[in-house]
Amino acid sequence: MQWLEKADFEAKIVIAGNHDITLDKDFYSQHGRQFHNKESQDSSRCISLLSSPAVTYLCHSSATIRLGDTSDPGTEFTVFGSPYSPRVGLWAFGYDRPDATMGTPGTKLWDAIPPNTDILITHTPPYTHCDRGPLTDVSLGCEILQKTLWRVRPRLHICGHIHPGRGAERVRWGTDKPENTNTTRWEDPAPDSKSSKMSLVDLTARNGNQPLDFQRSARYELHAPGSHPIPDTASDPARGSPCCSPTPQPEESQPSDPDDRVSRDSSSGASSPSSATPAAGANLATDALGPAADEGWMGRGETCIVNCAIMATNWPHKGGKKLNKPIVVDLDLPVWR
């Protein structure tokens, strides 16, 4: 936490992941003695460390971030963050496939993502996007999250969890179903981990690039401070809470380490503010979009999905652990000034 607090960024958004067992209070109360040499830790105290004003900790919840630097054009965006991933072994924040149902019967985990989300941060990647496993060429992401992503269509989706999936994809959404997409894979301009050059994903119009095809609906148009209608659901129980909703627990078993399939690190990313870029004009069918169309998101043509897993190797890490470089994203975000 001290390292995060000292990091020189105006906004620092944090989520947990499946290895952050003490941050999943229900899980740790049931299975904690199987970890840490059977010496129990204080889960509440661990969670309280993330209440630092220097960071925004999201546990299946959302927040509205307004950058306040005097040099900033008035950037404001909504972000939803979640630590959950499909269950593999005995680890925290897990849910069972295929329905991703938890809590109240029939309540889908990913229904909590608000339709006005600009940036989505989840530990798990969505199915078929940046989610290829290390042992076989099989997608390990979440199918329900993929469908929700197609419906919500944020500008940026940051994930991690699957180490070999590290990279980025620019996804143009189809109008009939989430599998029908036009996906462009990002090529890392500086793949050498020893290089000082940034691994940059540039989604702006600068340098002759094609900007992200994304236009915010007037339904959630940004206004002057104090008058904008964007909901902040960080403490809304209908959308999740900073403490997270109870995690459905598997039957008691010995913990197994699924690091040959999943990542230890929470995903993180950075974006630079600038003025919002008008969309090129997506032609999306209202009846196909369903709930997304009801919310007025007819201009959300593209999403950039970034798996920024830091860990480059998998358990048992033969030859030693290796790390990936951070991925930096340059993205146009809404402004209110």
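So the values come out like this:
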{"item": "Segment 2-40: GluC sites (Glu not before Pro) in DSSP loop, at most 10 other beta carbons within 10 Å", "result": "Glu39"}
{"item": "Surrounding net charge for Arg206, when Lys and Arg each add one and Asp and Glu each subtract one, Cβ distance under 11 Å", "result": "-3"}
{"item": "Gain upon complete extension [Ser196, Leu49; 0.36 nm per residue less C-alpha separation]", "result": "49.7 nm"}
{"item": "Coarse-grained scattering of segment 1-42 at q = 0.29 Å⁻¹, given as base-10 log I(q)/I(0) from a Debye sum over alpha-carbon atoms", "result": "-0.98"}
{"item": "Residue-by-residue Karplus 3J(HN,Hα) for segment 197-208, coefficients 6.51, -1.76, 1.60, Hz, glycine and proline x", "result": "6, 6, 8, 9, 9, 9, 10, 9, 8, 5, 6, x"}
{"item": "Scaled radius of gyration (Cα, divided by 2.2 N^0.38 Å) that segment 74-210 gives", "result": "1.13"}
{"item": "Vicinal HN-Hα couplings computed from phi for segment 209-214 (Karplus, 6.51 cos²θ - 1.76 cosθ + 1.60; Hz; Gly/Pro x)", "result": "6, 8, x, 4, 7, 7"}
{"item": "Amide hydrogen neighbours beyond the local backbone of Arg300, cut-off 5 Å, H modeled", "result": "Gln215"}
{"item": "Segments 65-77, 24-36 sorted - mean Cβ within 10 Å per residue, highest first", "result": "24-36, 65-77"}
{"item": "Length gained when the stretch Glu187-Gln2 is fully extended (0.36 nm per residue, less Cα-Cα span)", "result": "63.3 nm"}
{"item": "Loop GluC sites (Glu not before Pro), segment 156-201, which have at most 10 other Cβ atoms in a 10 Å radius of their Cβ (DSSP)", "result": "Glu187"}
{"item": "Sorted peptide list for 323-330, 57-64, 160-167, criterion being average Cβ within 10 angstrom, highest first", "result": "160-167, 57-64, 323-330"}
{"item": "Two-decimal Rg/Rh across segment 153-222, once Rg and the Kirkwood Rh are taken from alpha-carbon atoms", "result": "1.01"}
{"item": "Cα gyration tensor category, rounded, prolate or oblate, for segment 57-106 with a/c compared to 1.5", "result": "prolate"}
{"item": "Unit charges on C-beta of K, R, D, E only; dipole of segment 1-70, Debye", "result": "160 debye"}
{"item": "Built amide H within the under 5 Å cut-off of Val88, gap 5+", "result": "none"}
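Every number here is computed from the coordinates shown, using simple stated rules; none is lab data. Just so it is clear, the model here is predicted, and its values are computed rather than measured. Every residue, glycine among them, receives a Cβ derived from its backbone with ideal geometry; neighbour counts consider all protein chains shown.
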